[in-house]
Each structure stands twice: as C-alpha cells, then as structure tokens.
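What follows is a set of notes on a single structure, which appears directly below.
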Amino acid sequence: MKRILTIQDISCVGKCSLTVALPILSAMGLETAVLPTAVLSAHTVFPNFTFRDLTADIEPISRHWQAEGLGFDAIYTGYLGSLEQLRLIGDLFDRFRTENTLIVVDPVMADNGKLYTGFTKEFAKGMASLCAKADVILPNRTEAACLLGIPYVAEGYNEDYVKDILVKLTNLGAKRAVLTGVSFVPDKLGVMAYDRQTGEFFQYFTSRIPATFHGTGDVFASTFVGGLMNGLPLKDALALAADYTVACIEDTISDPTRRWYGVNFEPNLPMLMRRLGK
C-alpha cells in the first residue's frame with residue numbers, strides 16, 4: 001500500500017482541508033499520514049472560531065519521522081498559513097524526497113481576484129518558491145496570477161492565454177501545472193493542464209452548476225492526487241476529480257438536510273471507489 005503525507009490545517013467541523021483529504025485519500029486505497037499546520041474549532045466561515053497555530057510542531061514531527069526511517073510515496077500540501085510554514089515545508093520536501101516521491105502543491109491563498117485575509121504579496125512570492133520544488137501544482141486562476149505577479153483576468157480570456165499561463169507556471173520549476181476554474185463558454189467550467197516534459201496540454205470540462213459551496217477545492221485536489229497515486233494518467237486523474245466534485249455538488253443541492261458549510265462528499269465515496277475498481 002502506498003503511503004501519502006498530506007500537510008494542511010484541520011477544521012474540527014467544516015468539511016475542508018484534512019477532514020476532506022483524509023477520508024478521500026483513504027477511500028482511494030492510500031495509507032494517509034497527516035501533518036496538521038493548525039487546529040481550528042470550525043471552518044473560517046463560522047463566526048468566532050478558535051485557532052491554534054502548530055508551526056512549532058512541524059520540525060519536531062518531521063525529525064521524529066526521519067529518525068524512525070519513515071518515507072512517503074507522495075507529499076501533498078494544502079492551506080499553509082505563514083512564510084515560516086512555507087520555509088519548514090520546503091525543508092521537509094528536501095528531507096523526504098526521493099526519486100520516486102510525488103510532490104503536489106495546492107497553493108491555497110486566493111480566489112475571485114484577491115488574496116485571502118492575512119496573505120500578502122510577500123507570501124505569494126514564498127509560495128512560488130515552494131511551488132518550484134513540486135512535481136505538480138494546481139492553482140486556481142487567481143492564485144496563478146499571484147504566483148506569477150501578473151494582473152488577474154476575470155473574463156474574456158481564451159485558450160491561448162490559459163496555455164501561456166500554464167507554461168509560465170511550469171517555468172517556476174514544477175514539471176506539471178493544473179489550472180482550475182477555467183471557462184471559455186458560460187455553461188462549462190473545468191481545468192487545463194500542461195506537462196513541461198512532454199509539451200502536452202490537457203483539458204476537461206463539465207457543466208457549470210449555478211451554486212457555490214465551501215471545500216470543493218479540497219475535494220478536487222484530494223481526488224486528483226489520489227488518482228495520480230492510483231496510477232492514472234494526468235488527464236484521467238483530472239477527469240476523475242472533476243466528475244467526483246460535480247457529483248458531490250449535485251448530491252448536496254438535492255439534499256434538503258444538507259449542511260450549509262460543505263458538500264456531501266461522504267455518500268459519493270462508493271462512486272469514487274467504483275471508478276477506481278476498488
């Protein structure tokens with residue numbers, strides 16, 4: 001069984017970050033180790049949430065694993081909260097990377113044309129340096145603009161523009177870049193990707209659903225990484241992640257008892273496992 005390490009915060013309630021990544025990756029047949037970067041009482045969409053920073057624990061945990069001779073087939077990062085965490089996780093990459101280790105960075109820091117609260121241009125530069133150490137990066141369009149230090153283009157872009165962005169993202173150092181939230185026509189939404197080693201571009205689109213839910217980015221990223229770790233080619237892993245995310249959203253919309261703070265990813269885990277032949 002392959003072992004993957006996922007590094008991100010844990011919201012005790014909220015269907016995001018580790019509470020999404022751990023069950024999805026486990027259902028996909030992967031031993032999933034976790035390195036929490038912070039513990040929150042609930043997702044940040046809740047008022048008055050508590051927050052405990054775990055930056056000081058990252059190095060001791062990493063050193064303990066190294067002393068025990070532990071290794072990982074993949075390392076996947078999500079939300080990281082500070083420049084110091086970026087530095088520590090970069091060191092962890094160096095410590096545990098082998099020629100067979102897949103490193104995936106989801107540079108969670110921005111959406112809808114602006115950085116999340118508390119993040120700065122300096123942080124974006126630090127995230128770009130971390131992305132340089134990854135095999136695969138998967139920013140949304142806002143995050144891509146922040147990584148490249150260019151203006152965000154909300155609409156009116158075309159396929160050539162997206163291809164140029166993807167090439168520039170891989171020029172940061174990653175072998176492959178995935179850009180999420182791409183749309184060329186009003187009723188379709190999807191992803192495009194570029195493999196610097198082969199020069200190939202990939203794209204996958206689904207019907208646009210007129211609804212927004214928290215945590216869908218984490219659902220997509222976790223499923224995508226799990227697909228790669230199950231041996232799927234890049235294009236197939238993208239399709240699996242997009243289809244599963246859409247299925248979770250559609251299930252949530254049709255559920256009159258749904259939670260307002262996340263999607264129904266749990267009932268759809270059997271569908272995900274069937275797609276993988278589990």
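A few remarks follow.
- Against the list (1) farther than 24 Å from residue 116 by Cβ; (2) without any contact (Cβ under 8 Å) to a residue 24 or more places away in the chain, the condition residue 206 fails is (2).
- Checking residue 242 against (1) open to solvent by less than 40 Å² (accessible area, probe 1.4 Å); (2) assigned to a loop (DSSP other than H, G, I, E, B); (3) aliphatic (A, V, I, L, M); (4) more than 20 Å from residue 128 (Cα to Cα), the condition it does not meet: (2)
- Any hit, the stretch 30-47, residues being within 14 Å of the chain's Cα centre (by Cα), open to solvent by less than 50 Å² (accessible area, probe 1.4 Å) and in contact (Cβ under 8 Å) with a residue 40 or more places away in the chain: no
- Condition broken by residue 70, with the remaining ones in (1) open to solvent by 20 Å² or more (accessible area, probe 1.4 Å); (2) farther than 30 Å from residue 263 by Cβ; (3) part of a helix (DSSP H, G or I) satisfied: (3)
- Against the test of being of a type in the set (A, V, I, L, M, F, W, C), in contact with a strand residue (DSSP E or B) (Cβ under 7 Å, 6 or more places away or on another chain) and under 23 Å from residue 45 (Cα atoms), the options 167, 246, 162, 182 yield a single qualifying residue, 246.
- When 251, 218 are checked against the criterion of being assigned to a helix (DSSP H, G or I), closer than 28 Å to residue 80 by Cβ, charged (D, E, K, R) and at pLDDT 95 or above, 218 stands alone in meeting it.
- Given (1) farther than 24 Å from residue 105 by Cα; (2) polar (S, T, N, Q); (3) surrounded by 15 or more Cβ atoms within 10 Å (Cβ to Cβ), index of the condition residue 222 fails: (1)
- Set 181, 227: member being within 30 Å of residue 261 (Cβ to Cβ) and either open to solvent by 40 Å² or more (accessible area, probe 1.4 Å) or in a helix (DSSP H, G or I) (or both): 227
- Candidate set: the stretch 184-219, residues that are among the β-branched types (Val, Ile, Thr) and open to solvent by 20 Å² or more (accessible area, probe 1.4 Å); chosen: the one nearest to the chain's Cα centre (by Cα): 216
- The criterion of being part of a loop (DSSP other than H, G, I, E, B), buried (at least 18 other Cβ atoms within 10 Å of the Cβ) and modelled with pLDDT of 95 or more holds for residue 80.
- Some residue of the stretch 12-21 being surrounded by fewer than 18 Cβ atoms within 10 Å (Cβ to Cβ), within 30 Å of residue 247 (Cβ to Cβ) and modelled with pLDDT of 95 or more: yes
- Unique match (being free of Cβ contacts under 8 Å to residues at least 60 places away in the same chain, within 19 Å of the chain's Cα centre (by Cα) and loosely packed, with under 15 Cβ neighbours inside 10 Å) among 117, 142: 117
- Exactly one residue among 193, 237 is of a type in the set (Gly, Ala, Ser), at pLDDT 95 or above, more than 24 Å from residue 12 (Cα to Cα) and assigned to a strand (DSSP E or B), and that residue is 193.
The values are calculated or read from the model by the stated rules, or taken from the named source; none is laboratory data. None of these values were measured; they are calculated from a predicted model. Positions of Cβ are backbone-derived with ideal geometry, glycine not excepted, and every protein chain shown enters the neighbour counts. Note: areas computed on protein heavy atoms with side chains; ligands, DNA, RNA excluded. Shrake-Rupley method; radii C 1.70, N 1.55, O 1.52, S 1.80 Å.
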